[in-house]
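Q: Can you read through this structure? Questions will come right after.
The values are calculated or read from the model by the stated rules, or taken from the named source; none is laboratory data. Everything quoted here is computed from the prediction, not taken from an experiment. Counting neighbours? That spans all protein chains shown, and the Cβs are built from the backbone with ideal geometry, glycine included.
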């Protein structure tokens, strides 16, 4: 049996997610030899500029995908929200792990909720989607840019005198820091990023043995939600430069979904909800995106991307 090389970013969270994948593979295939290689991405290197200004798609995945394509690794482990709607030719998302809590989390040492933040409070975030929705709910807030890994952002909460920061709840929970969550920010008031809370494993389409290994990690309900959300993303276009979010979830045979797009300052925010079936998640994602575009989303995107 061949040794499987897993490609990962170097942050503690990325390595924890990659270790989860490695543990799953070894559990399903005892005796499987594995190794983890750390690959530094552009997004890891540029830490002093807000994500929206760095530009481009795939800031946290391109270098790992390059390593997949040239054979330096066999699989790549990603947070789905970092993966662009279109994959490079020859690559595929072969496994979706069970979704963690998909919502954003308010972290504060001073208050217990968003509503309790004082007038003009400082809330750190690096995400246009988060700042847009925060601005819509609390126009008085100041939102300094906050980049870096989870640990860095938590340190800055104290060192930079911030009243609160907003992070993905999934990352905190995976790092054993769920106790740091002050409050979850949930739909419909706060829509998460496409794919938030989902870890995916990418590989070469032609590598049948690796695809067989990865099939043991697949979670069907998560795959359905992923398909709907990525169809939404592909139809909307945009990326880190656009305040955009979507969340799909199953209720029995029904697949429900909410999507949002807005102006960065939160002065205009559009949200729509739709329901479809588990048998056609892409149809639901596309129709939700089209309804948002027709309701004024296209004008927002045109203005932002002009």
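Q: Looking at segment 185-198 only, could you name the residues that are touching a helix residue (DSSP H, G or I) at 6+ places or on another chain (Cβ under 6 Å) and surrounded by fewer than 23 Cβ atoms within 10 Å (Cβ to Cβ)?
A: 190
Q: I'd like the full set of residues that are over 18 Å from the mean Cα position of the chain (by Cα) and closer than 25 Å to residue 100 by Cβ, limited to segment 153-169.
A: 154, 155, 156, 157, 162, 164
Q: Could you please find all residues in segment 269-289 being over 21 Å from the mean Cα position of the chain (by Cα), in contact (Cβ under 8 Å) with a residue 24 or more places away in the chain and surrounded by 17 or more Cβ atoms within 10 Å (Cβ to Cβ)?
A: 276, 278
Q: So, in segment 197-248, how many residues would count as being assigned to a strand (DSSP E or B), more than 18 Å from residue 87 (Cβ to Cβ) and in contact (Cβ under 8 Å) with a residue 40 or more places away in the chain?
A: Residues in segment 197-248 being assigned to a strand (DSSP E or B), more than 18 Å from residue 87 (Cβ to Cβ) and in contact (Cβ under 8 Å) with a residue 40 or more places away in the chain: 4 in total.
Q: Ok, one more. Could you grab me the full set of residues in segment 135-177 that are in a helix (DSSP H, G or I) and over 18 Å from residue 109 (Cβ atoms)?
A: 135, 136, 137, 170, 171, 173, 174
Q: What number goes with the only condition from (1) part of a strand (DSSP E or B); (2) farther than 17 Å from residue 132 by Cβ that residue 288 does not pass?
A: Failed condition: (1).
Q: Could you list, in sequence order, the residues of segment 290-304 that are farther than 14 Å from residue 228 by Cα and either assigned by TED's automatic domain parsing to the domain that holds residue 144 or buried (at least 16 other Cβ atoms within 10 Å of the Cβ) (or both)?
A: Within segment 290-304, 292, 293, 297, 300, 301, 304 meet the criteria.
Q: Here is a follow-up. Considering only segment 199-237, how many residues are surrounded by 24 or more Cβ atoms within 10 Å (Cβ to Cβ) and on the phi > 0 side of the Ramachandran plot?
A: 0
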